[in-house]
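The values are calculated or read from the model by the stated rules, or taken from the named source; none is laboratory data. Since the model is a prediction, treat every value here as computed from it, not as a measurement. Every residue, glycine among them, receives a Cβ derived from its backbone with ideal geometry; neighbour counts consider all protein chains shown. Please note that ligands, DNA and RNA were not included when accessible areas were found on the heavy atoms of the full protein model with its side chains. Shrake-Rupley method; radii C 1.70, N 1.55, O 1.52, S 1.80 Å.
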Amino acid sequence: MTTTPRPTRSIATATHPLDPLSPAELQAAIAILRHQSPLGNTYRFVSVALQEPPKLEVLAFTPGQAIDRQAFAVILDNATGYTYEAVVSITQDEVLSWTHIPDVQPCIMLDEFLACENAVKASPDFRAALKKRGIEDMDLVMVDPWSAGNYGIEEEQGLRLSRAFCWVRSEPNDNGYARPIEGVVPMVDLNKMEVIRVEDYGVVPLPPHPGNYAREYISNFRDDLKPLDIVQPEGPSFTVDGYQVSWQKWQFRIGFTPREGLVLYNVSYADQGRQRSILYRASLAEMVVPYNDPSTPASNHYRKNAFDVGEYGVGMLANSLTLGCDCLGVIRYFDAYLTNSSGDVSIIENAVCMHEEDFGILWKHTDWRTNQAEVRRSRRLVVSFIATVGNYEYGFFWYFYQDGNIEYEVKLTGILNTSAIAPGEEPAYGALLAPQLVGHVHQHFFSLRLDMMVDGLSNTVREVNTEALPLGPDNPHGNACQVTATVLKTEQEAQRTIDPFKARYWKIENPHVSNWVGKPVAYKLMPGDTVLPFAQPESSVMQRAGFMAKTLWVTPYDPSERYSAGMYPNQHSGGEGLPKWTEANRSIEDTDVVVWYTFGQHHIPRPEDWPVMPVSYAGFMLKPQGFFDASPAMDVPPSAPKHHCCPE
């Protein structure tokens, strides 16, 4: 057992139980672990974040009350391959629990990416494979470590693995993704940081054309774009107190974790003289990108199935945002405090961006008899962060509207994952982006965990469908349709998919609170553009990410059920998470429920996606459904007349 001197420190006191751990608290948690636990030089800190207190404790909290600040840590021993979970009380200066979690692999850590690339480049077998292809300058080679998945291969069992895909630049600042090194796939043992094999499926020529996008490569920019400035001379309309945000009757708290990134807590809206709750906690619980090329042996692209939340952690991959580029207007930033695998605190400055946007017309009516027009401008509050996952960028955006709507949107951009094809060939499971350069067909699935709290903890979920009535006595003119709202009583009843032909949505209501027309207050979950997976149920990715088979899942609240594919999806054989939890078929009626919503983006690549993809959008909305007695946007004031609002 390695011990260090007992730490002496001064730690700032958090003002709320859900405040993210500060740098001082992270340092303290690491120091306590090192002092009280058997941590040698081979132990690595996968993640350290706030251990959230019990929900009822948080809801009962009053300002000034004492808080027991705790940290939850995932730790990996490279020497044994063992994974441990620890809970540390920073307040009490002790390790509360230390648990070995057998037969799992935690997230791949950031420094493992760089170490893996170096190990691959140093491998004699890899160098020999590249020499056959005329590539000898390792400084120009790019190695992207991918999670290996689980395909039941005996020799891979028990190892911590990464499968690497490789590209080569033509010069140091070149876009290497234009030149895939097809057919060469190194497999790396991350615990030993050794290449255990190099798969070589035959030489494919490098694509001939560059795909450079940086400003130094663009010779002719458009010259007719005039400046557009966002000006708020009196400042923004939101206020911030620590991590508590107030804006246009909305209140919520901001959190951030290494795995989920941005987390929202205690979302409420001021109405009837009080803050009315809507959500207790909302976060991205998992994100899976399955590729649809079954090609064997050509590079084994079928193993490209990335779990970006559970295998990497989108919080760890968050960008430091830049004013005027990522965010525009009067901005309030929030930093993210994380740890690296050595236990040192790392700070992502400006990880979360918050600002207001004009959003066109909120409502309008012109009385044609009096010619009186009333119109209100819509404004929304934007809270976002952006993560770079290898070649891809994902922007995760929450929008709050003055009419009580909440929207979640993912903006997908970055560079497509590319492969090479021989001259004259056509890809069977992708599309040509440029001569000999292929982008594979794939999807992106995003699973949101929505811990609902619609006017209180006791909620019920209904599915709402609209169907045409047949011609008959009740529908003599053939114009009628009927809306039915069916209670989803158990977990298995609540495993549902979209049906746009029935205008299907789901309504989360509080059966104990009625609006002024006597109906239960509710919010409805409105699907946006989405897709279901194309992979077969027997496939490895569907076994590991079974939640993708359904758009909606509902479970009774359990704080240990946090991630749609389970706690440790990396290299897991599958069956964990929502499919396993819901086998119990627990009751979900009139209780504290968690709604899990999964939406997908189907991507058939096109030349216009190259070299950097224009943003694609996907998401959903939460809209009040009888939550208010009338439109909550009626008190939004008229806008003051502006110059140049009409043509002269």
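Residue-wise HN-Hα couplings along segment 144-155, as the Karplus relation 6.51 cos²θ - 1.76 cosθ + 1.60 with θ = phi - 60° gives them from phi, are 9, x, 10, 5, 8, x, 9, 10, x, 7, 4, 5 Hz; Gly and Pro carry x.
Under 5 Å between amide hydrogens, built in the peptide plane, is the criterion, and for Val389 it picks out Tyr394 among residues at least 5 positions away or on other chains.
Put a plus charge on the Cβ of each Lys and Arg, a minus charge on the Cβ of each Asp and Glu, and nothing anywhere else: the dipole of the chain about its Cα centre is then about 720 debye.
Applied to segment 572-584, the Karplus parametrisation 6.51 cos²θ - 1.76 cosθ + 1.60 on θ = phi - 60° returns per-residue 3J(HN,Hα) values of 7, 6, x, x, 8, x, 4, x, 6, 4, 7, 4, 5 Hz, with x for Gly and Pro. Highest-first packing order for the peptide set 388-397, 165-174 is 388-397, 165-174, based on the mean count of other beta carbon atoms within 10 Å.
When you restrict to C-alpha pairs under 8 Å that are six or more residues apart and normalise by the size of the chain, the relative contact order lands at 12 percent. From the Cα gyration tensor of segment 579-648, with a ≥ b ≥ c the square roots of its eigenvalues, which class applies: rounded if a/c is under 1.5, or else prolate if a/b is larger than b/c, or else oblate? Cα axes put segment 579-648 in the oblate bin.
Over segment 490-648, with every protein chain in place, what whole percent of the accessible area is carbon and sulfur at 1.4 Å, could you tell me? Here it works out to 55 percent.
Rolling a 1.4 angstrom probe over the protein heavy atoms with all chains in place gives segment 494-549 an accessible area of 49 Å² per residue. Accessible surface for segment 253-405, divided over its residues, is 34 Å² per residue with a 1.4 Å probe. Need one word for segment 23-107: rounded, prolate or oblate. Basis is the Cα gyration tensor (sqrt eigenvalues a ≥ b ≥ c); a/c below 1.5 gives rounded, then a/b vs b/c decides. In terms of gyration-tensor shape, prolate.
The overall shape of segment 281-433, judged from the alpha-carbon gyration tensor, is oblate: a/c is not under 1.5, and a/b is no greater than b/c.
Taking a straight Cα-Cα cut-off under 17 Å and skipping sequence neighbours fewer than 8 places away in the same chain, the aspartates and glutamates within cross-link reach of Lys131 are Asp139, Glu182, Glu199, Asp200.
When the GluC sites (Glu not before Pro) in segment 503-579 are filtered for DSSP coil states and for at most 14 other beta-carbon atoms within 10 Å of their beta-carbon, the remaining sites are Glu538. Taking amide H as placed 1.01 Å from N in the peptide plane, the amide H of Phe620 sits under 5 Å from that of Tyr408, each at least 5 places away or on another chain. Residue-wise HN-Hα couplings along segment 603-610, as the Karplus relation 6.51 cos²θ - 1.76 cosθ + 1.60 with θ = phi - 60° gives them from phi, are 10, 9, x, 9, x, 5, 7, 10 Hz; Gly and Pro carry x. For the residue pairs Lys304/Lys524; Lys411/Lys550; Lys249/Lys580; Lys55/Lys304; Lys249/Lys411; Lys121/Lys411, the alpha carbons lie more than 30 Å apart in Lys304/Lys524; Lys249/Lys580; Lys55/Lys304; Lys121/Lys411. Scan segment 216-316 for trypsin sites (Lys or Arg not before Pro) in coil per DSSP, keeping those whose Cβ has at most 13 other Cβ atoms within 10 Å, and list them by number. Qualifying residues, ordered by number: Arg222.
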